[in-house]
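Peer 1: Below is the structure I would like to discuss, written out as structure tokens.
Taken together, the values in this text are just the output of simple stated rules run on the coordinates, not laboratory data. In this text the structure is predicted, and so the values were computed from the model without any measurement. All Cβ positions, even for glycine, are placed from backbone atoms using ideal geometry, and neighbour counts span all protein chains on display.
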Amino acid sequence: MGAAQAHREADGSAGAIVPAPRPHRQRHDGFTPKKQRKFLKALKKTGCLKDAARAAGISCNTVRRHRDKWQNFDEKVDVALAIASGELETIAWKRAVEGVEEKVIRDGKVAWIRIKPSDAILRLLMKGADPKKYGAAGFSRKRLRAWERKQIEEEVRAEIRAKRPTFEESMQMLDTRLRALGLRHGIPADWEPPEPGE
């Protein structure tokens, strides 16, 4: 019977046949297993989802949807990112401690080559390894305060929006206040304004 292979119901009712669910059909131009392998290989090398998606010929949205839908794929992406970050940390450590070659040019010719370690990368690695001792990486105190202020402002604005009355509630409150004002000025409570054109 192929994909529509029938099976008997689990409750054992008198020979009732229920068609088996159809398996998920793979699109020929979609995120095939071959493209997934290509994506994961590029991700391990680059550590960048966007670059790996481009290398595999797919969009970043496809990757995001597959990560949300398939836990197994999401775990593979996390492993690939961890592998890439390990390699990137190794490269950063080598540049910080061992240094990189820098050509010094005089009179249009290479005069000498010097090995120059990177203090900035070393500082970032130290901050990442022990933020309590060397400070948080990427945020100065002033920048952190500005970020916190922005977060607090967004929260306050959200609270104000949440407490803002609807149009109907606003009209009802306005009507109540106008009636109270009218009573203070001697207008009867059952008075209604004339319709336009009367």
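Peer 1: Please list, ordered by chain and number, the residues whose modelled amide H lies under 5 Å from the amide H of Gly99; skip anything fewer than 5 residues away on the same chain.
Peer 2: Close amide H contacts, sequence-distant or interchain: Ser118.
Peer 1: Near the amide H of Gly47, under 5 Å away, which other amide H atoms are found, from residues 5 or more places off or on another chain, if H is placed in the peptide plane?
Peer 2: Here the answer is none, since no amide H 5 or more places off falls under 5 Å of that of Gly47.
Peer 1: Using only alpha carbon pairs under 8 Å that are at least six residues apart, calculate the relative contact order of region 50-178 and give it in whole percent.
Peer 2: Details: 69 pairs, mean separation 14.5, N = 129.
With pairs under 8 Å counted, the relative contact order is 11 percent.
Peer 1: Could you give the spread of the C-alpha atoms of region 74-116 along their three principal axes, from largest to smallest, in whole angstroms?
Peer 2: For region 74-116, the Cα extents along the three principal axes come out at 55, 20, 6 Å.
Peer 1: Under the Karplus relation 6.51 cos²θ - 1.76 cosθ + 1.60, θ = phi - 60°, what is the ordered set of whole-Hz ³J(HN,Hα) values for region 88-96, x standing for Gly and Pro?
Peer 2: Per residue, the Karplus-derived 3J(HN,Hα) values read 5, 5, 5, 5, 4, 4, 4, 5, 6 Hz.
Peer 1: Here is a further query. Would you mind counting up the charge near Val79? Only other residues with Cβ under 14 Å from its Cβ, with Lys and Arg at +1 and Asp and Glu at -1. If you can, show how the numbers build up before the last one.
Peer 2: Working: positive: Arg37, Lys41, Lys44, Lys45, Arg67, Lys76; negative: Asp74, Glu75, Asp78, Glu87.
Net charge around Val79: +2.
Peer 1: Taking the mean number of other Cβ atoms within 10 Å as a proxy for protection, how do you rank 190-196, 67-73 from highest to lowest?
Peer 2: Details: 190-196: 6.4, 67-73: 11.7.
By packing density, highest mean first, the sequence is 67-73, 190-196.
Peer 1: How big is the dipole moment of region 144-198 about its Cα centre under a simple scheme where the beta carbon of each Lys and Arg is +1, that of each Asp and Glu is -1, and everything else is neutral? Debye, nearest 20, please.
Peer 2: 520
Peer 1: In whole Hz, what ³J(HN,Hα) sequence does region 101-106 give by Karplus (6.51, -1.76, 1.60; θ = phi - 60°), x for Gly and Pro?
Peer 2: Taking θ as phi minus 60°, the curve returns 6, 10, 7, 9, 10, 10 Hz for region 101-106.
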